[in-house]
Every structure is written in C-alpha cells, then in structure tokens.
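Since the structure comes first, as structure tokens, the remarks are kept for the end.
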Amino acid sequence: MQIKDNNIIEIKDLKKSFNSETHALNGVNLSIKKGEVVTIIGPSGSGKSTLLRCMNLMEVPTSGEVVFEGHLLNIKDKNINKLREKMGMVFQSFNLFPHLSVLENITLSPKLVLNTPEQAANILAQSLLEKVGLSEKINTYPNQLSGGQKQRVAIARALAMNPDVMLFDEPTSALDPEMVGEVLSVMRNLANQGMTMVIVTHEMSFAKEVSDRVVFMAEGLIVEQGTPEVIFSKPKEERTKAFLKRVSVL
Amino acid sequence: MNTQLSFSFLLDWYSVSLLFQGLMMTLILAFLAVVLGSILALVPAFMRLSSNKFLSTPATFYVEIIRGTPMLVQVLLIYQLLNIPLFLIGGMDMGSFIPGLVALLINSSAYISEIIRGGILAVDKGQSEAARSLGLNSKQTMFKIVLPQAIKNIFPALGNEFVTIIKETSIFMYLGVAELMYQVGIIKSSSPAVTELYIVAGLLYLALTFPLSKVMNRIERRLRYADQR
C-alpha cells in the first residue's frame with residue numbers, strides 16, 4: 001500500500017448508506033496530514049458527521065477504504081481496538097460515563113487498555129484536568145458538571161490515551177452559548193500544541209481562525225476544500241457561496 | 001353467601017403451622033426462582049442481543065414459547081417429562097419439588113432475560129461508542145460501562161418479577177409441592193371455614209408482596225437519586 005509518510009489518515013472512495021435509499025456518503029476522498037487541523041463544514045445532512053465517524057469505524061463504511069497510519073481499517077480485525085486508542089473522539093453529547101467520577105472517567109481506559117499503574121494514571125488525569133482547567137472537579141460526578149465542563153472532561157479523557165489524532169463531532173452543538181467559548185479555547189490550545197485534529201463544526205469563526213484547511217461538504221460529497229481564506233473569502237462553488245451566505249446571516 | 005365468618009382455625013396450632021410452612025415454601029421457591037433465574041437468564045439475554053442469528057434466533061424462540069404458554073401447562077408438562085420418583089430430603093418430596101423448581105426456573109429465566117435485555121438496550125448507545133473509541137474491547141465495554149448502568153434499569157423490574165413469581169408459585173399445589181395454597185387445601189379438608197381460609201391465604205400473599213414492592217420502590221428511588229450525583 002503506498003502512503004505518503006505525512007498522511008495520518010487517508011480516505012479513498014468512501015461510501016456509506018444506512019439503507020437502500022439514504023446515502024450519507026457518496027464517494028469521499030480525503031487525506032489528513034500529521035499536525036494538520038481540518039474542519040469539516042456543511043449543511044446538516046451533508047454527511048460530515050458520518051465521514052468523521054467512519055474515520056475510527058464508529059460507523060462502518062458500505063464501501064471504500066480508511067487507512068490510518070498505514071493500516072487499512074477493518075471492523076473484523078482484532079487490531080481495531082489498538083488503532084482506535086490512537087484516535088481520540090469527542091462527541092456532541094459528551095458521553096461521559098455517569099457511574100464514574102471525573103477521575104475514573106479519565107483513568108479507566110489507560111488502566112484497562114494500556115495497563116497503566118493506578119498512580120501513574122492518577123497523575124496523568126491530574127495534569128490533563130489542569131490542561132482543561134478543571135483540577136478542582138477531579139472527584140465530582142458528571143451530572144454535577146455543566147455542559148462545557150463535561151465536554152472539557154471528555155477532551156481530557158480522550159487525551160489520556162495519548163492519541164495521534166483527535167476527532168471532534170460537533171463538540172459545541174449541544175452547549176449553551178455561554179459555554180461554547182471555554183470548549184473552543186481548550187481546542188485552540190490543543191491545535192497550537194500541534195495535535196492533528198479533524199473537527200466537524202457549525203462554529204464558522206472558530207473554523208476560520210483555527211483551521212489549516214476547511215472542507216465543505218454537501219449531499220455526501222466534498223464540494224470544495226482549501227485554506228480558510230480561500231473557502232471563506234473567495235469560494236469557487238455556488239453551493240459553498242450559498243451555504244456561507246446563509247450561515248453569515250444567522 | 002354465608003355472612004357469619006369464623007376465623008377460629010387461626011387458633012388451631014396445627015393449621016397455623018401448616019400455613020406458616022406453606023408460606024416459607026412459597027418464599028423459598030420464589031427466591032430460588034429469582035436468584036437462579038437471573039443467572040440463567042443471562043444466557044438467553046446475551047444470545048438475543050447477539051448479532052449472530054444462530055444465537056439470537058433460538059433464544060427468541062425460547063422466550064416467545066415460554067411467554068406465550070400458560071405456566072400451568074409448562075409446570076405439568078415438565079413434571080410429566082422429568083417423572084422423578086418420590087424421595088424425601090428434609091421432609092420435602094423431591095419428586096415434585098425438583099420438577100416444580102425446574103419449571104419455575106425455565107419460566108422466570110425467560111421473563112428475566114427480557115428484563116436484562118431491555119435494561120441493556122436502554123443504556124445510551126453513546127456510552128458504548130465512547131468506550132469503544134477509547135480502545136476498550138466489546139467485553140470490557142459491556143462489563144465496565146454498559147452493565148453497571150443497566151443494573152439501574154434491571155433491578156426495579158426484577159423486584160416486580162419477584163412479586164409476580166410469589167403469586168405464581170400457587171400453581172405448585174397441582175404438583176403437591178407444599179406451598180401456601182397446598183397447605184390451604186389440607187386445612188380446607190378438615191375445616192368448614194373455606195371462605196375465611198381463602199381470605200387468610202390472600203392476606204398472607206399480600207403480606208409478602210406488599211412490603212416487597214415498598215422496598216423495591218425505595219431502592220428504585222435511591223438508584224435514581226444516585227444517578228443524579
């Protein structure tokens with residue numbers, strides 16, 4: 001398999017249909033370089049979340065290939081758990097484990113999957129919580145946290161596995177407006193530290209500010225992609241122009 | 001209707017001890033059915049949850065057959081099929097107790113498997129997605145993430161099943177298992193106060209089921225509260 005060294009994820013002719021009529025992805029080709037921050041934008045139903053969820057096989061593609069760090073992903077492969085470790089995922093609805101404390105949420109997978117000793121895992125959790133500004137919440141339970149705090153813990157939890165890439169699936173869409181900023185600022189720091197990130201978002205100004213590349217999707221296809229300047233200032237495609245016009249009105 | 005009720009049999013030590021023994025047997029049967037039934041129920045529950053048709057189809061058949069036929073038929077059929085000769089352990093006739101218990105276990109495990117399956121399916125899909133995205137395998141995800149949360153859904157329903165089974169053990173009088181209704185039958189043969197006897201039997205069942213449902217309600221509330229931590 002030929003892959004360029006600096007491509008961490010390569011997607012080839014990816015198709016996904018949930019039943020015979022609805023086609024979420026109609027043949028997507030995309031590669032993500034190491035250290036790159038890529039945001040995927042587009043109208044709802046354009047397949048951007050499905051594309052992101054196919055990257056770690058949360059969603060199993062109907063056809064096509066996803067290659068991660070040179071490994072062709074296959075859901076039947078035992079290796080899939082090992083590869084998923086290296087792809088942190090942050091969900092729209094946080095998905096913290098409600099029966100575990102913040103500390104346990106973060107240390108669970110390092111202890112269980114990487115066999116990290118308890119003490120080392122606790123120290124790791126502590127430093128990650130510091131990074132997301134929630135050290136004082138270490139012993140609380142998810143239901144005592146605000147939405148923004150939950151999402152920051154979820155980011156810390158994903159980082160605990162020391163991933164090579166972070167996948168963000170509309171991380172601020174379920175948040176009250178006043179909490180969006182705190183999550184975006186954690187993500188901004190992460191981007192500045194060189195983390196490879198793929199972000200599905202509706203936050204256009206954030207996408208403009210933080211991305212190396214913006215991908216515009218519609219109807220299960222990539223319509224246009226380029227630097228934020230190109231996409232937001234001089235988009236070529238009519239559909240991109242129409243979409244950006246609509247969101248800028250809002 | 002005879003308006004003059006006489007509960008004088010309650011003063012007769014022999015009758016009272018028979019009722020008490022019957023009550024104990026009812027409790028033992030129901031308790032064994034729920035505890036052993038819950039363990040057995042894991043098998044059809046996980047089989048039905050499996051995406052493998054060779055596992056899920058037989059389990060679905062099993063559950064549908066048990067739920068779709070009267071327990072009386074199941075009990076009599078199993079008694080007939082097992083056909084164990086009379087032998088006593090601790091004064092209990094195993095020839096009727098064992099088939100009775102087997103039938104009760106088969107019955108309760110089918111119902112409880114549905115409770116377990118429902119409890120597992122009620123856990124948000126995002127929970128297992130988050131676990132899998134962190135590299136946990138399916139077994140770790142089930143035991144560390146899904147089941148601990150499913151217990152909160154399963155436990156209250158299991159309490160209701162316990163109450164149901166306590167009442168259903170009355171069927172065992174047909175086998176001659178010395179549970180409450182069987183003992184009522186014995187007292188009835190030497191006492192004219194049949195109506196009163198049935199009233200007392202009903203009250204005794206209620207004495208088991210009512211506190212039990214109260215306790216279950218309390219546990220359910222506490223579990224719900226724990227979730228809001």
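Annotations for the structure displayed:
- Counting residues in the stretch A:114-121 that are surrounded by 21 or more Cβ atoms within 10 Å (Cβ to Cβ) and either at pLDDT 95 or above or more than 11 Å from chain B (Cβ to nearest Cβ) (or both) gives one or more.
- Residue match in the stretch A:172-187 (condition: over 16 Å from A:Asn95 (Cα atoms), surrounded by fewer than 21 Cβ atoms within 10 Å (Cβ to Cβ) and of a type in the set (Gly, Ala, Ser)): yes
- For the stretch B:103-127, taking the residues that are more than 14 Å from chain A (Cβ to nearest Cβ) and of a type in the set (D, E, K, R), the one that is surrounded by the most Cβ atoms within 10 Å (Cβ to Cβ) is identified as B:Arg117.
- Listed here are the strands (runs of 3 or more DSSP E) enclosed by the stretch A:1-55 that have at least 3 residues being farther than 18 Å from A:His202 by Cβ and of a type in the set (A, V, I, L, M): A:7-17, A:23-33.
- Scanning the stretch A:52-78 for residues that are without any contact (Cβ under 8 Å) to a residue 24 or more places away in the chain and within 11 Å of chain B (Cβ to nearest Cβ), we see that the one that is nearest to A:Ser20 (Cα to Cα) is A:Ile75.
- Looking only at residues in the stretch B:128-176 that are closer than 25 Å to B:Phe97 by Cβ and of a type in the set (Asp, Glu), the one that is nearest to the other protein chains (Cβ to nearest Cβ) is B:Glu161.
- B:Ser51 vs. criteria of a type in the set (Gly, Ala, Ser) and either touching a Cys at 6+ places or on another chain (Cβ under 8 Å) or loosely packed, with under 14 Cβ neighbours inside 10 Å (or both): yes
- Sole exception among (1) over 21 Å from A:Gln225 (Cβ atoms); (2) among the acidic types (Asp, Glu); (3) surrounded by fewer than 17 Cβ atoms within 10 Å (Cβ to Cβ) for A:Glu65, by number: (1)
- Within the stretch A:139-175, being farther than 20 Å from A:Ala207 by Cβ and more than 14 Å from chain B (Cβ to nearest Cβ) holds for A:Ser146, A:Gly147, A:Gln149.
- Residue within the stretch A:128-146 that is surrounded by 21 or more Cβ atoms within 10 Å (Cβ to Cβ), more than 23 Å from A:Met195 (Cβ to Cβ) and touching a residue at least 12 places away in the same chain (Cβ under 8 Å) present: yes
The values are calculated or read from the model by the stated rules, or taken from the named source; none is laboratory data. Not measured: the values here are computed from a predicted model. Cβ atoms come from the backbone with ideal geometry, glycine included; neighbour counts cover every protein chain shown.
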